[in-house]
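Engineer: One structure follows; several queries about it will come next.
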Amino acid sequence: MMKDLDCGSLPICGDDGMLKGVITDRDIVVKCLAEGKDAKAMQAADLAQGKPHWIDADANIDEAIQMMERYQVRRLPVITDHKLVGIVSQGDIARNYTEQKVGEMVEHVSARKPMQMS
């Protein structure tokens, strides 16, 4: 489906329309192909892990940028009344912001997280 839609992520919603998770192209590579599993046999729930980060439809672009930077994600589901209404991506923001602001956002989102020692 991602190939057909030319996108890098897909939201997973329940029958109630509420966001349950997000699957990214990276999830498929890391959790399926790298482990030698058959991608066609995998279920969406097997790939989407953790609580998805999202933003309210009433939030402004600066809030979306802050969320992307904080959680190092390139896409954020947009929610209203607990239901998915869309997804905002770095590309969407890039089309509406200055080059400098976009450069800063990409730098923060793409930065490697420091390794945690236990």
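Engineer: Go through segment 4-24 and give me each residue that's modelled with pLDDT of 80 or more and out of contact with any strand residue (DSSP E or B) (no Cβ under 7 Å at 6 or more places or on another chain).
Structural biologist: ASP4, CYS7, ASP15, ASP16
Engineer: Please tell me if VAL73 is in a loop (DSSP other than H, G, I, E, B), of a type in the set (Val, Ile, Thr) and either assigned by TED's automatic domain parsing to the domain that holds VAL22 or surrounded by 11 or more Cβ atoms within 10 Å (Cβ to Cβ) (or both). Working first, answer last.
Structural biologist: Numbers: in a loop (DSSP other than H, G, I, E, B): yes; of a type in the set (Val, Ile, Thr): yes; either assigned by TED's automatic domain parsing to the domain that holds VAL22 or surrounded by 11 or more Cβ atoms within 10 Å (Cβ to Cβ) (or both): yes.
Taking the combined requirement at face value, the residue satisfies it.
Engineer: Another question, if that's okay. Considering each of ILE87, ILE28, ILE12, ILE65 in turn, give the residue that is under 16 Å from the mean Cα position of the chain (by Cα), in contact (Cβ under 8 Å) with a residue 60 or more places away in the chain and surrounded by 14 or more Cβ atoms within 10 Å (Cβ to Cβ).
Structural biologist: Matching residue, one of ILE87, ILE28, ILE12, ILE65: ILE87.
Engineer: Quick one: count up the residues across segment 1-30 that are among the charged types (D, E, K, R) and touching a helix residue (DSSP H, G or I) at 6+ places or on another chain (Cβ under 9 Å).
Structural biologist: Of the residues in segment 1-30, 3 are among the charged types (D, E, K, R) and touching a helix residue (DSSP H, G or I) at 6+ places or on another chain (Cβ under 9 Å).
Engineer: Tally the residues that are assigned to a helix (DSSP H, G or I), out of contact with any helix residue (DSSP H, G or I) (no Cβ under 9 Å at 6 or more places or on another chain) and surrounded by 10 or more Cβ atoms within 10 Å (Cβ to Cβ), restricting the search to segment 31-60.
Structural biologist: 2
The values are calculated or read from the model by the stated rules, or taken from the named source; none is laboratory data. From a predicted model like this one, the values you see are computed outputs, not experimental measurements. Backbone-built Cβ (ideal geometry, glycine too); neighbour counts: all protein chains shown.
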